[in-house]
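Here the structure comes first, spelled out in structure tokens, and everything after it is commentary.
Every read-out reported here was derived from the displayed coordinates using simple, explicitly stated rules and does not represent laboratory data. Note that this is a predicted model, so its numbers are computed, not measured. Reconstructed Cβ throughout: ideal geometry from the backbone, glycine too, with neighbour counts over all protein chains shown.
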Amino acid sequence: MTHFLSTADLSSDELRELISTAMAFKAERRVSNELSGRSVALVFLNPSLRTRASMQIAVFELGGNPVLIEPGSTSWSIEYIDNAVMDGDRTEHIAEFVRVLSRYVSAIGVRTFATLKDWELERTDPVLKAFSKYSSVPVINLESAMHHPCQAMADMQTIRERFGEVKKKVLLTWAWHPKALPMAVPNSFALAAAQMGHDLTIAYPEGYDLDPELMMQVRSSAELAGGSVQVVNDSAIGFDDADVVYAKSWAPPSFYGSEAAVPDPQLRDRWIVNSEKMARTANGIFMHCLPVRRNVIVTDAVLDSASSVVIDEAENRLHIQKAILAALVK
Ligand code: CP
């Protein structure tokens, strides 16, 4: 591995190996020395609880030194555009920012959300790509415009903990949210579930399609891994006999560039995950990356039930990121 930007960069076997390492780290929680004497920069352009805390602790537990950087707040604001005339409010170009950091640290983690302004640009993950272009050390994607691979790997670890290494019936269901949200989490979950060979159903209202190119990647990964993918525009049928229910809101490409675009409030009640829907599953588990809006995305009854594994997913962020760091930093 040179960088960890998307699970698509790795084979299914390599992803399974990372999960095995994460499970070993989890079984024996201790401070080790894989990053002894090394520093890792953690660049956060957006807020975070889980990613920030788990990455700091992951670096510490591997014997390293996490260096938190918040551009535009406790560090200079960054310009990303090549050949920009920097006479506005941005202070430092990414070309210097990343190359300087590369001289200090052994890896760079970066969080950079989609701004939902320009679909054709953001679907190319321009900020993440600039980090990997200018960095001479491994770059770890801590959620970009299009992918959240650390989250997806923690999710796959959580499914394997519950069910072992067997193909399961997995539902990724859209949910209503008061604000338009990026699609990094559903993209990476769908891709990783396909790479793990699960039988994946993706349910969303008409008009909320994921990126067609991403869907091609999901379908070809599923075929290669012996799984399947179906898309339904129905809020209920995907729950039938599901082993895994993963809820997430996202905005489709048509919302990009329109600040006024928000999910249709009429979809709210129909797409919430509730006990009636969960009762149709095969005693399925409920998953969400967190943070989650209670009684909007999912009811209290489901989130607080024994079938909810959201806290396990959050814990597994720590263990899988230790595995990723240990594999990347040599
Ligand atoms: N799931 C996740 O990435 O959480 P944070 O936004 O709190 O980091």
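Per-structure values
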read-out	value
Top-ranked residue in the range 184-210 [being of a type in the set (Gly, Ala, Ser), touching a residue at least 60 places away in the same chain (Cβ under 8 Å) and buried (at least 24 other Cβ atoms within 10 Å of the Cβ); ranked as farthest from the ligand (Cβ to nearest atom)]	ALA192
Residue in the range 106-134 that is farthest from the ligand (Cβ to nearest atom), counting only those that are among the aromatic types (Phe, Trp, Tyr) and surrounded by fewer than 22 Cβ atoms within 10 Å (Cβ to Cβ)	TYR134
Hits in the range 19-65 (condition: within 15 Å of the ligand (Cβ to nearest atom) and polar (S, T, N, Q))	ASN46, SER48, THR51, SER54, GLN56
Failed condition for ARG16, given (1) more than 20 Å from LYS129 (Cα to Cα); (2) within 16 Å of the ligand (Cβ to nearest atom); (3) surrounded by fewer than 19 Cβ atoms within 10 Å (Cβ to Cβ)	(2)
Filtered residue count, the range 33-60, keeping only those that are farther than 23 Å from LEU128 by Cα and surrounded by fewer than 14 Cβ atoms within 10 Å (Cβ to Cβ)	3
Positions within the range 267-322 being in contact with a strand residue (DSSP E or B) (Cβ under 8 Å, 6 or more places away or on another chain) and among the acidic types (Asp, Glu), in sequence order	ASP300, GLU313
Residue check for ARG29: over 23 Å from VAL98 (Cα atoms), under 21 Å from the mean Cα position of the chain (by Cα) and charged (D, E, K, R)	no
Which listed residue is more than 23 Å from the chain's Cα centre (by Cα) and without any contact (Cβ under 8 Å) to a residue 40 or more places away in the chain, from SER258, SER220	SER258
